[in-house]
1. Just to be sure, is Arg58 more than 28 Å from Arg123 (Cβ to Cβ), surrounded by fewer than 16 Cβ atoms within 10 Å (Cβ to Cβ) and either of a type in the set (Lys, Arg) or at pLDDT 90 or above (or both)?
2. Filter segment 89-112 down to the residues that are closer than 21 Å to Ile32 by Cα and touching a residue at least 24 places away in the same chain (Cβ under 8 Å) and list them by number.
3. Any residue at all in segment 22-31 that is under 17 Å from Arg76 (Cβ atoms) and either surrounded by fewer than 15 Cβ atoms within 10 Å (Cβ to Cβ) or in the same structural domain as Glu92 (by TED's automatic domain parsing) (or both)?
4. What helices (runs of 4 or more DSSP H) lie completely within segment 1-84 and have 3 or more residues being β-branched (Val, Ile, Thr) and more than 21 Å from Lys111 (Cα to Cα)?
5. Just the residues that are loosely packed, with under 15 Cβ neighbours inside 10 Å and not in a helix (DSSP H, G or I), please, taken from segment 96-115.
Amino acid sequence: MTYYHQQFLKIREEVYPNEYVCRQIIQAKRFIDSQFATSIRLSDIAEAAFLSKFHFIRLFKQNYGQTPYQYLTMVRIAQAKRLLRTEKTIREVCFAVGFDSVSSFTALFKKITGVTPSTFRKRLAT
């Protein structure tokens, strides 16, 4: 069992002891992890967890400390950082991680990391 999983179990027992619901939230997180590159809607994720959208958002945030959208964004940015280490163009990286436009990808990447994707790539080269 990983440290992350142990911490999750500890928090789960303190915050929301219902094991079934916790399994559903974990299932939704796994859904996001596996489908981040597609166009995911909140209703799709909530459906994967078999919960209503609003109940799901509240439980996800309670368990993970961020909304499903925030988590999805962080997964996409982390994957983008990994792909920027390859020979793929910034445009290819943008669409590979599930963004619809290069400008929105660049703006969000800069907001989260503090640098644009091209600057991030240049810093890796030096």
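The values are calculated or read from the model by the stated rules, or taken from the named source; none is laboratory data. Please read all numbers here as calculations on a predicted model, not as lab measurements. When we count neighbours, we look across all protein chains shown, and the Cβ atoms used for this are built from the backbone with ideal geometry, even at glycine.
1. Working: more than 28 Å from Arg123 (Cβ to Cβ): yes; surrounded by fewer than 16 Cβ atoms within 10 Å (Cβ to Cβ): yes; either of a type in the set (Lys, Arg) or at pLDDT 90 or above (or both): yes.
Yes; evaluated as a whole, the condition is true for this residue.
2. Val93, Ala96, Val97, Gly98, Asp100, Phe105, Leu108, Phe109, Ile112
3. Let us first name the residues in segment 22-31 that are under 17 Å from Arg76 (Cβ atoms), namely 28-31.
Pick out the ones that are also either surrounded by fewer than 15 Cβ atoms within 10 Å (Cβ to Cβ) or in the same structural domain as Glu92 (by TED's automatic domain parsing) (or both) and you get 30.
Yes: one or more hits.
4. Working: elements: 3-15, 19-35, 42-49, 53-64, 68-83.
Where helices (runs of 4 or more DSSP H) fall fully within segment 1-84 and carry at least 3 residues being β-branched (Val, Ile, Thr) and more than 21 Å from Lys111 (Cα to Cα), they are 19-35.
5. Within segment 96-115, Asp100, Ser101, Gly114, Val115 meet the criteria.
Quick grid of which residues meet (1) surrounded by 15 or more Cβ atoms within 10 Å (Cβ to Cβ); (2) of a type outside the set (D, E, K, R); (3) free of Cβ contacts under 8 Å to residues at least 60 places away in the same chain; (4) over 24 Å from Lys122 (Cα atoms):
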position: Arg41; (1), (2), (3), (4): no, no, yes, yes
position: Ile45; (1), (2), (3), (4): yes, yes, yes, yes
position: Ala49; (1), (2), (3), (4): yes, yes, yes, yes
position: Tyr64; (1), (2), (3), (4): yes, yes, yes, yes
position: Tyr71; (1), (2), (3), (4): yes, yes, yes, yes
position: Arg76; (1), (2), (3), (4): yes, no, yes, no
position: Glu87; (1), (2), (3), (4): no, no, yes, no
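To keep it simple, each residue is scored yes or no on (1) more than 15 Å from the chain's Cα centre (by Cα); (2) over 30 Å from Lys10 (Cβ atoms); (3) not assigned by TED's automatic domain parsing to the domain that holds Cys22.
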site	(1), (2), (3)
Lys53	yes, no, no
Arg58	yes, no, no
Leu84	yes, yes, yes
Lys88	yes, yes, yes
Val93	yes, yes, yes
Gly98	no, yes, yes
Ser101	yes, yes, yes
Thr106	yes, yes, yes
Phe120	yes, yes, yes
